[in-house]
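Colleague: This is the structure, below, for whatever I ask next.
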Amino acid sequence: MQELLSSLESDDRPVPIRAAVAHLWFESIHPFSDGNGRIGRALVEDVFAQDAALPFSLSRQIEADKLGYYRALQAGRTVSGGHIDATPFVLWFLERLTAGISEAEAEARFLVARNGFFLRFPGLPPRSEKVLRRLFAEGAQRVSEGISASPFAKMAGVSLATATRDLAELEARGAILRGTEGGRSTRYMLHLSLERNEQGQLGMPLEF
């Protein structure tokens, strides 16, 4: 552990490489009977924090590819030419960082879309607003699927006829757009669009 700490102080490689090697080394030493994974992830956060904190959860990215993580740990401990070649683990680590950045960007865009929607359509009927906020709470995929009268009725706890009237009112306000389906299968999509700032510039694309 002392060698690890000393090496971290003198390591001048790019932060992602330094964090990956530090994690690999710590997990290989495995100094505790329990909690090595959590502390190893905290070590990564600490290395990044010395330059700029990670804008996303690395733990979530590791969990998303747990088998790949264990394979990369094992592969990164292979002795080659009298030394340990950490390349496989570093490459896996960089891939997860890239995935984390993409995911964080998508989440940011989604939040911008949600906040922009309610700013563009203030004063929605409480019942309808509750349903729409629930859609956003269920995530980007659910929002992209839109909503029809039946699920609206279930979420709002009202009859199908009332849900249909509520949806018609939201459509009249421009908050939702009617799909091409007809009858009971009619689906409405939330009206998400680009907004211009005070300088007339378009904001983030709200695609997700």
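The values are calculated or read from the model by the stated rules, or taken from the named source; none is laboratory data. This is a predicted model, so every value here is computed, not measured. Quick reminder, even Gly has a Cβ in these numbers, built from the backbone with ideal geometry, and neighbours come from all protein chains shown. These accessible areas exclude ligands, DNA and RNA; they are computed on the full protein's heavy atoms, side chains included. Shrake-Rupley method; radii C 1.70, N 1.55, O 1.52, S 1.80 Å.
Colleague: With a ≥ b ≥ c taken as the square roots of the eigenvalues of the C-alpha gyration tensor of the chain, please select rounded if a/c is under 1.5 and otherwise prolate if a/b is larger than b/c or oblate if it is not?
Modeller: prolate
Colleague: Tell me, what is the percent relative contact order of the range 35-89, built from C-alpha pairs under 8 Å that lie six or more residues apart?
Modeller: Values: 25 pairs, mean separation 10.6, N = 55.
Reported as a whole number, the value is 19 percent.
Colleague: For THR98 and SER28, what is the calculated FRET efficiency with R₀ set at 41 Å and r taken between the beta-carbons, to the nearest 0.05?
Modeller: 0.95
Colleague: Find how much the distance from ASP12 to ALA168 grows on full extension, using 0.36 nm per residue of separation minus their present alpha carbon separation; answer in nm with one decimal.
Modeller: Result: 50.0 nm gained on full extension.
Colleague: With each pseudo-label sitting 7 Å past Cα toward Cβ, what's the HIS191-SER150 distance in nm, one decimal?
Modeller: Modelled inter-label distance: 2.7 nm.
Colleague: Is it possible to state the helix-based mean residue ellipticity at 222 nm for the chain, with each DSSP H run of 4+ residues giving -39500 (n - 2.57), the sum divided by total residues, to the nearest 500 deg cm²/dmol? What is it?
Modeller: -19500 deg cm²/dmol
Colleague: Explain nothing, just the number: relative contact order of the chain, from Cα pairs under 8 Å at least 6 residues apart, as a whole percent.
Modeller: 15 percent
Colleague: Whenever you get a sec, compute what percent of the accessible area on the chain sits on carbon and sulfur atoms (1.4 Å probe).
Modeller: Taking all protein chains in place, the chain shows 54 percent carbon and sulfur surface.
Colleague: How much FRET efficiency would the formula 1/(1 + (r/R0)^6) give for ALA53 and GLN2, where r is the Cβ-Cβ distance and R0 is 30 Å, rounded to 0.05?
Modeller: Once rounded, the FRET efficiency stands at 0.70.
Colleague: Counting only heavy atoms of protein chains, what accessible area per residue, in Å², does the chain have with a probe of 1.4 Å?
Modeller: Details: 12250 Å² over 208 residues.
Value for the chain: 59 Å² per residue.
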